[in-house]
Amino acid sequence: MLQKQNIFLISGLVLALGAFSLIYVWNVRCKSSRRYTISKEMALEAKGVVPVLVLGSGPAGLTAALYSARANIKTLVLEGNKPGGALMETSYIENWPGVKRILGSQVIGQLKQQAVSFGAEFLVDSATSIDMSVWPFIVATENGITIRALTIIVATGSTPKKLGIPGEAQYWGKGVTTCAVCDAPLHKGNDVVVIGGGDSAIEESLQLAPYAKTVTILVRKDAMRAAASMQDRMKEVKNIKVEYNVELQEIKGTDSEVTEVVIKNSKTGEVSIKKVTGVFLAIGHDPNSQLFKEEGMVDKNGYLQLVKRSQKTPVEGIYAAGDVADPVYKQAGYSAGAGTAAALDAASFLQDYGFNAAVFKQMEPNFFEPFLEEKIEVPLMTSLAQLKNVLTFSKTPVFVDFFAEYCPSCMRMLPSVASVGAQFEDKALFVKVDVEQAKEIADAYHVGAIPVLLVFKNGQLVARYNEAMTRKELVDFVEQFI
Ligand code: NDP
């Protein structure tokens, strides 16, 4: 009897599971094979239209924009929260085709210039939602803009992974970071660790070596996966050493800075303490595909899925290129190639639906026009006395932005500070401090890693924020104090 009941129970479970799987598969298939009514008439009626909208401004996004704009198709790039992407945080690249050695930021600068020269337009903004149930797609942005896009090229890149160990969040921006280019000069003469065994770990170490006393790369296995050529470069640098089979367990320090890390040897089980001032993470990246997860457009690791040998995603009219859709190669040159292909795929979609020069001409009055953002000239504080004077006499809260030209995230944040400064002109005062020029101000307020934003009310320090902020995050932050 009991056995019979069990058989019924198991059969019921199997049936339920089968039904659930069928519904799931049907749902995913429906979502991914969905087609919209696509017609020139609908595009002609829509307002704020962009034929090609590129999300992201790394090598994939910029190359896509270059191809698309050069084909005389109006192209708008939403540059994202980190304009230029990961290349802005690397130093020299020796495998960018055609150039023996070039800075990552130069590659980005040149690509952008080339895209602009053919008419591509740029906005420092990010997409926050995409309605893919209608066409032209409706894209809403962080700055509150709505754009109707005939095609979208997703080139949103990836975000460095974090370890999730004790102390990581507490000391983020106070010694723990993923950007050696930004923070290396802050560790002059000190000992630092880099976590990871890939090319990025070596890249970070090479950037740190000229400043730090010692750089120890902590590798969790008994070998590095970095390219042999990178490992050879590393071996030539005397103050870089590697420890294998080790895991970082905890990051410790004072209120304001990292002082030591707890390391476990996974072979011997031995736990040791290492005195360091910096922890640089280089443990890989997660694709920035959040907007597409719900739509069943990503694989189990979050990479946007592509249809056969193309840059087409499962949603017609949406294409992807670069690290967001590349679980394998992850090279700037490859991303640029994928951006090229994505632009060509988008162009042939438009052509297939009859969008030619004459139709685009007809659409012109309804094209989205990027607005010109208002910005203030943010005063530069060059001495502590000058800053103290401002703090004493200001009737509004004062926001002090610490930056340096060598810090890419600082340089990205400066335009947002200028723009938010204009938005809150009567309610808040924004000033900036170059930590290289005015070290006495940085020292007086214990500014280590940058960017840092300090907030003063009635001359008193009331808050500090130790990370780069997007424009939207900056607005939300400022609103707390006015
Ligand atoms: P990778 O994915 O190649 O390497 C990540 C490393 O981090 C691996 O060694 C991995 O260990 C380790 N790791 C992952 N999780 C943890 C963890 N929780 N604790 C400790 N270690 C961990 O990422 P990269 O960012 O290095 O490189 C990404 C791509 O970019 C690659 O294709 C690379 O070639 C490219 N690149 C190229 C550069 C150049 O040409 N100059 C520079 C930088 C990157 P394990 O090996 O055990 O899995």
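Hey, does the stretch 63-78 have a residue that's within 21 Å of the chain's Cα centre (by Cα) and under 17 Å from residue 288 (Cα atoms)? Yes: one or more hits. Taking into account only those residues within the stretch 361-379 that are free of Cβ contacts under 8 Å to residues at least 40 places away in the same chain and charged (D, E, K, R), which is farthest from residue 143 (Cα to Cα)? Ranking the candidates gives 361 first. The criterion of at least 1 residues that are touching a Gly at 6+ places or on another chain (Cβ under 7 Å) and either at pLDDT 95 or above or more than 10 Å from the ligand (Cβ to nearest atom) (or both) is met, among helices (runs of 4 or more DSSP H) falling completely within the stretch 147-241, by 180-183.
Given (1) farther than 16 Å from residue 397 by Cβ; (2) free of Cβ contacts under 8 Å to residues at least 60 places away in the same chain; (3) over 28 Å from the mean Cα position of the chain (by Cα), identify the lone condition not met by residue 460. Just one mismatch for residue 460, condition (1). Figure legend. Inter-residue proximity from the stretch 179-195: first residues on the phi > 0 side of the Ramachandran plot, second residues in a loop (DSSP other than H, G, I, E, B), beta-carbon distance below 7 Å, spacing 6+ or different chains. Indicated pairs: 189/213. Of the strands (runs of 3 or more DSSP E) that lie entirely inside the stretch 416-482, those containing 2 or more residues that are open to solvent by 80 Å² or more (accessible area, probe 1.4 Å) span 460-465. Any residue in the stretch 435-448 that is farther than 14 Å from residue 388 by Cβ sitting within a Cβ distance under 8 Å of a residue that is among the basic types (Lys, Arg)? List the pairs, counting only those 6 or more apart or interchain. Here the result reads 448/174, each pair linking the stretch 435-448 to a residue that is among the basic types (Lys, Arg).
The one condition from (1) modelled with pLDDT under 95; (2) out of contact with any helix residue (DSSP H, G or I) (no Cβ under 7 Å at 6 or more places or on another chain) that residue 408 does not meet is (2).
How about the stretch 166-213: which of its residues are among the hydrophobic types (A, V, I, L, M, F, W, C) and open to solvent by 30 Å² or more (accessible area, probe 1.4 Å)? Across the stretch 166-213, the qualifying residues are 169, 172, 181, 186, 206.
Among all positions in the stretch 92-109, there is no residue which is more than 16 Å from the ligand (Cβ to nearest atom), buried (at least 23 other Cβ atoms within 10 Å of the Cβ) and of a type outside the set (A, V, I, L, M, F, W, C). Scanning the stretch 381-409 for residues that are open to solvent by less than 20 Å² (accessible area, probe 1.4 Å) and within 22 Å of residue 481 (Cα to Cα) turns up 381, 387, 391, 397, 398, 399, 400, 401, 402, 403.
The values are calculated or read from the model by the stated rules, or taken from the named source; none is laboratory data. What you are looking at is a predicted structure, and each value in this text was computed from that prediction instead of being measured. Cβ coordinates were reconstructed from backbone atoms using ideal geometry, including for glycine residues, and neighbour counts include every protein chain displayed. Heavy atoms of the whole protein, side chains included, go into the accessibility calculation; ligands, DNA and RNA do not. Shrake-Rupley method; radii C 1.70, N 1.55, O 1.52, S 1.80 Å.
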